[in-house]
Amino acid sequence: MILVTGGAGYIGSHACLELLLAGHEVLVLDNLCNSSRRALERVEQLAGRTLQFVKGDVRNRSLLTALFAAYPVSAVMHFAGLKAVGESVREPLRYYETNVSGSIALCQAMAEAGIFKLVFSSSATVYGESAMMPITEHCPTGVPTNPYGQSKLMAESVLRGLANSDPRWSIGLLRYFNPIGAHESGLIGEDPNGTPNNLLPYMLQVAVGRRRELSVYGDDYPTPDGTGVRDYIHVVDLVQGHLKALERLEQVNGVSVWNLGTGKGYSVKEMIGAFEAVIGRPLPHVIQPRRAGDIAQCWSDPTKAAIELGWRAERDLSTMLADAWRWQSRNPQGYAETQPARQGATAQTALAS
Ligand code: NAD
Ligand code: UFG
């Protein structure tokens, strides 16, 4: 059985689905601070199988100990965390506590239970403003400019130290580039709280009529068209990389770092053009000044994951955008306006406090 922390969230819910489809038993721990139970009900519907759900906090050591005593967990995918860059500047301690202390509590409980396989959600943000492009895993980590990025780099350091201290650990640090898209069914997808911070969720909400226009943050970057360039990766490709990493952790010990990206960058203007082709109409947008803390460009060299994991992102940009649009247009308010929860779906244990 795989414990998926943060399994009700955007990436975690897609990971639960792929794990179920691959035949794994899945246990989700999520406090639902940024997600909905409905995501898990839809995962079960798509998989035709159930998972176990416990509502609780990853920082809760005694809850984790109880979970590991109650379920035959063999490995953990650790998605639970906070991810809003601006919020992390306003509430740094919450970010360090959740993203760093939460990871420490999880590892302590895992070690106590004799579980040593961990897949960790890291981010390309740990590279900072890299001088080298594309970014390989050998590029030095940078100095993240906000507590969110720092918390990911700190968590990586904690996990490295841990693996150095005890050879039983086998830890995959997966550095995501920019995950977008949704499962092709249109049943699960990204459902941010409040105003979206990221480009695609904002574009989707403009297209669906929830927001007036997109702000393009800067058109004077040293990039071909002046707008920021990123490596967008389909969330289903991304989570398939997690399953490959999990397999690999059966064979190698210590810490392994893998970039999860496509290796190709697109500018904001290219994203708008490609999205307009998907929705068949113009997307209202206006050029604004640069957003503080943004880098000009960032894309991956995904070769290491291809060689070591036998994994490569397969879905192209128009598929990413079409899948994201299917999700958003069928669920204009995200999970909020769906039907009441199905009776009996998603077993929730009495362990939740
Ligand atoms: P998300 O917010 O949709 O999912 C995170 C989940 O963790 C949510 O369901 C939330 O309720 C849960 N959670 C938060 N704090 C918790 C706690 N203390 N205890 C238990 N559950 C808790 O975010 P996501 O986009 O799915 O991201 C998943 C992971 O990937 C995060 O760690 C994030 O930092 C990392 N990541 C995301 C991106 C991205 O662009 N989405 C990029 C790089 C890394
Ligand atoms: N952008 C806009 N308008 C918006 C939002 C974004 O023009 O409303 C631009 C940004 O300036 C940037 C690009 O679109 O050029 C992508 O921005 P996102 O916010 O979607 O993504 P970032 O690359 O800035 O950040 C993401 C995650 C971070 C993570 C980082 C590196 O949000 O958590 O990737 O992994 F740290």
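Looking at (1) assigned to a helix (DSSP H, G or I); (2) over 16 Å from Gly334 (Cα atoms), which is the one condition that is false for Pro222? Only one criterion is unmet by Pro222, namely (1).
Can you tell me which residue among Arg230, Arg210 is closer than 22 Å to Ala84 by Cα and buried (at least 16 other Cβ atoms within 10 Å of the Cβ)? After applying the criteria, what remains is Arg230. Selection over the stretch 299-316 of residues that are out of contact with any Leu (no Cβ under 9 Å at 6 or more places or on another chain), under 24 Å from Gly189 (Cα atoms) and either within 16 Å of ligand 1 (Cβ to nearest atom) or basic (Lys, Arg) (or both) gives a count of 3.
So is Gly254 in contact with a strand residue (DSSP E or B) (Cβ under 8 Å, 6 or more places away or on another chain), more than 16 Å from ligand 1 (Cβ to nearest atom) and not hydrophobic (A, V, I, L, M, F, W, C) or not? Yes: the conditions hold for Gly254. Taken over the stretch 282-300, the criterion of being closer than 17 Å to Tyr202 by Cβ, part of a loop (DSSP other than H, G, I, E, B) and in contact (Cβ under 8 Å) with a residue 12 or more places away in the chain is satisfied by Leu283, Pro284, Pro289, Arg290, Arg291, Gly293, Asp294.
Restricting Pro167, Pro147 to residues that are in contact with a Pro (Cβ under 9 Å, 6 or more places away or on another chain), of a type outside the set (Ser, Thr, Tyr) and more than 11 Å from ligand 2 (Cβ to nearest atom) narrows the list to Pro147.
For every residue, the table says whether it meets (1) at pLDDT 95 or above; (2) on the phi > 0 side of the Ramachandran plot; (3) in contact with a Ser or Thr (Cβ under 6 Å, 6 or more places away or on another chain).
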| position | (1), (2), (3) |
| --- | --- |
| Ala8 | yes, no, yes |
| Leu17 | yes, no, no |
| Ala22 | yes, no, no |
| Gly48 | yes, yes, no |
| Ala84 | no, no, no |
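For the stretch 46-56, a residue qualifies if it is touching a residue at least 40 places away in the same chain (Cβ under 8 Å) and either over 17 Å from Ile11 (Cα atoms) or within 16 Å of ligand 2 (Cβ to nearest atom) (or both), and the qualifying residues are Thr50, Gln52, Val54, Lys55, Gly56. State whether the residues of the stretch 238-252 include one that is crowded, with 17+ Cβ neighbours inside 10 Å and more than 23 Å from the chain's Cα centre (by Cα). Within the stretch 238-252, not a single residue is crowded, with 17+ Cβ neighbours inside 10 Å and more than 23 Å from the chain's Cα centre (by Cα). Would the stretch 235-252 turn up any residue that is at pLDDT 95 or above, of a type in the set (Gly, Ala, Ser) and part of a loop (DSSP other than H, G, I, E, B)? For the stretch 235-252, residues at pLDDT 95 or above, of a type in the set (Gly, Ala, Ser) and part of a loop (DSSP other than H, G, I, E, B): absent. Looking only at the stretch 174-186, decide whether some residue is within 12 Å of ligand 2 (Cβ to nearest atom), under 19 Å from Leu283 (Cα atoms) and aliphatic (A, V, I, L, M). Yes, the stretch 174-186 contains a residue that is within 12 Å of ligand 2 (Cβ to nearest atom), under 19 Å from Leu283 (Cα atoms) and aliphatic (A, V, I, L, M). Name every residue in the stretch 131-182 that is away from ligand 1 (no atom under 12 Å from the Cβ) and assigned to a strand (DSSP E or B), in order of residue number. Result: Ile135, Ser170, Ile171, Gly172. Would you mind stating whether Glu308 is surrounded by fewer than 21 Cβ atoms within 10 Å (Cβ to Cβ), in a helix (DSSP H, G or I), of a type in the set (Asp, Glu) and at pLDDT 95 or above? Yes, satisfied.
Keeping to the stretch 269-285, report how many residues are near ligand 2 (Cβ under 10 Å from one of its atoms) and touching an Asp or Glu at 6+ places or on another chain (Cβ under 8 Å). Going through the stretch 269-285 one residue at a time, the tally reaches 2. Asn259: within 12 Å of ligand 2 (Cβ to nearest atom), under 30 Å from Leu3 (Cβ atoms) and in contact with a strand residue (DSSP E or B) (Cβ under 8 Å, 6 or more places away or on another chain), yes or no? Criteria met by Asn259.
Criterion applied to Thr303, Thr262 was being surrounded by 19 or more Cβ atoms within 10 Å (Cβ to Cβ), touching a residue at least 40 places away in the same chain (Cβ under 8 Å) and either within 27 Å of Gly12 (Cα to Cα) or acidic (Asp, Glu) (or both), and the one residue passing it is Thr262. Screening Ile2 with (1) touching a His at 6+ places or on another chain (Cβ under 6 Å); (2) within 10 Å of ligand 1 (Cβ to nearest atom); (3) not polar (S, T, N, Q) gives one miss only, at (2).
Elements of the type helices (runs of 4 or more DSSP H) sitting completely within the stretch 45-102 and holding at least 2 residues that are among the hydrophobic types (A, V, I, L, M, F, W, C) and buried (at least 22 other Cβ atoms within 10 Å of the Cβ): these cover 61-70. Residue count for the stretch 118-132, restricted to those that are more than 16 Å from ligand 2 (Cβ to nearest atom) and buried (at least 21 other Cβ atoms within 10 Å of the Cβ): 2.
The values are calculated or read from the model by the stated rules, or taken from the named source; none is laboratory data. Worth saying up front: this structure is predicted, and the values here are computed from it rather than measured. Neighbour counts are summed over all protein chains in view; Cβ atoms, including those assigned to glycine, are modelled from backbone coordinates with ideal geometry.
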